[in-house]
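Okay, so here's the structure we're looking at.
The values are calculated or read from the model by the stated rules, or taken from the named source; none is laboratory data. Please read all numbers here as calculations on a predicted model, not as lab measurements. Cβ placement follows ideal geometry from the backbone for every residue including glycine, while neighbour counts extend to all protein chains displayed.
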Amino acid sequence: MSIKVAVVGAAGYSGEELLRLLARHNDVEVKVITSRKYAGQPVSDVFPRFWRSELKFTAPDVKTIAAECDAVFLALPHGLATEYAIPLLEAGLKIIDISADFRLRSTAKYEEYYGEPHPAPELLKRAVYGMPERYREQIKTADLIACPGCYPTSSILPTAPLLEAGLVSTEDIAVVSMSGVTGAGRKVDLPFIFPECNESVKAYKPYGHRHLPEIEQEMAVAAGTDQEIAINFVPHLVPVNRGINSTILLNATEGCSMDKIAAAYEKAYANEKFVRILPPGKCSDTKYVTMSNCCEIGFNYDPHTNKVILTSVIDNLTKGASGQALQCMNIMFGLQETAGLL
């Protein structure tokens, strides 16, 4: 079985990561890679790591993609994915969107955080949130996947089992995350050039970050509540290329214990290939997940403050973007879920 795919927006960091993973996938043939900036150039000129590839960048063309492909990865800035998703869905292709266009179920939240009305509200109910550990059965039959953001992935995977088990409260949740510079995308912008980032750690957007409503949405789902959850989310920029480290503070409920936390994780993730739960009391480390599709989770309990303290690490470009997208594609087409990822 050979799945023919296109990567629209293949010249960004997530696009490059997708090409790296797809190149080692035995059941996939990359037919189209697009970039307006590099149209006509060999991929080997733009990314020398692909020196054996004969692929060339082309300008994005819906008719060409529809004629040649079974599935499309959209690695585009928010607001642009819809332009391609609508006609390609009508043509019968499966869409895996890495942007934020279909992650939020609320059009009001989208407009609040992205500053404009949602371009295709009719597609929101059709989109499946692309976190396999949470939505695997829905992903199997989906034709439109909304891949989670990187910060949400590192926040939702560690908290969801504990919220579902009622071991932690939905009140006063705080998520403090640190991201490598690739999280800002491949662009020339003063805050992200080497002299500005190197030897520097700083918080940014300490309230109102665009990933906030996505995290709150999925935490509410895990907790089984129709009420909105309000959390503090404070992201930081750190001088590494790849990786996210999220430290999450939650109030323990009555009866919560380290043993019960461990049991909740065992129930949720014992058979998951890409979630690694550390022994009680250990803290996760980005160095052990870089270039992988793994989320590593550590957990602690502080009796002094009655806080559950979670540490969660992922590679923002792999489990936080392209690797998770490929994991979803494998599920959609009935392939081995780990194909191209291990």
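Restricting attention to region 216-244, the residues that are buried (at least 20 other Cβ atoms within 10 Å of the Cβ) and touching a His at 6+ places or on another chain (Cβ under 9 Å) total 2. Across region 295-323, the number of residues qualifying as out of contact with any Pro (no Cβ under 7 Å at 6 or more places or on another chain) and either β-branched (Val, Ile, Thr) or outside any strand (DSSP E or B) (or both) comes to 18.
Conditions tested, residue by residue: (1) at pLDDT 95 or above; (2) within 18 Å of the chain's Cα centre (by Cα).
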| site | (1), (2) |
| --- | --- |
| Gly79 | no, yes |
| Glu90 | yes, no |
| Ala100 | no, yes |
| Lys109 | yes, no |
| Lys125 | no, no |
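Of all residues in region 326-342, those that are surrounded by fewer than 18 Cβ atoms within 10 Å (Cβ to Cβ) have Cβ atoms under 6 Å from Cβ atoms of residues that are modelled with pLDDT of 95 or more and assigned to a loop (DSSP other than H, G, I, E, B), 6 or more apart or on another chain, in Thr338/Lys273. For region 14-39, taking the residues that are charged (D, E, K, R) and in contact with a strand residue (DSSP E or B) (Cβ under 7 Å, 6 or more places away or on another chain), the one that is surrounded by the most Cβ atoms within 10 Å (Cβ to Cβ) is identified as Lys31. Looking at the structure I just gave you, is Glu54 acidic (Asp, Glu), modelled with pLDDT of 95 or more and farther than 20 Å from Gly323 by Cβ? So Glu54 does not fit the description; no. Counting the residues of region 245-266 that are touching an Asp or Glu at 6+ places or on another chain (Cβ under 9 Å) and surrounded by fewer than 20 Cβ atoms within 10 Å (Cβ to Cβ) gives 2. For region 293-318, a residue qualifies if it is among the polar types (S, T, N, Q), buried (at least 24 other Cβ atoms within 10 Å of the Cβ) and out of contact with any Asp or Glu (no Cβ under 9 Å at 6 or more places or on another chain), and exactly one does: Asn316. The residues of region 148-193 that are among the small types (Gly, Ala, Ser), surrounded by 15 or more Cβ atoms within 10 Å (Cβ to Cβ), farther than 19 Å from Glu296 by Cβ and at pLDDT 95 or above, listed by number, are Ala165, Gly166, Ser169. Leu123: farther than 21 Å from Gly15 by Cβ and not assigned by TED's automatic domain parsing to the domain that holds Val289, yes or no? Yes; evaluated as a whole, the condition is true for this residue.
Yes/no matrix, rows are residues, columns are (1) touching a helix residue (DSSP H, G or I) at 6+ places or on another chain (Cβ under 9 Å); (2) under 20 Å from Leu19 (Cβ atoms):
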site	(1), (2)
Tyr301	yes, no
His304	no, no
Thr311	yes, no
Ile314	yes, yes
Leu317	yes, yes
Cys328	yes, yes
Leu335	yes, yes
Thr338	yes, yes
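Could you go through region 97-110 and let me know if any residue there is over 24 Å from Gln327 (Cα atoms) and of a type in the set (A, V, I, L, M). Yes, region 97-110 contains at least one residue that is over 24 Å from Gln327 (Cα atoms) and of a type in the set (A, V, I, L, M).
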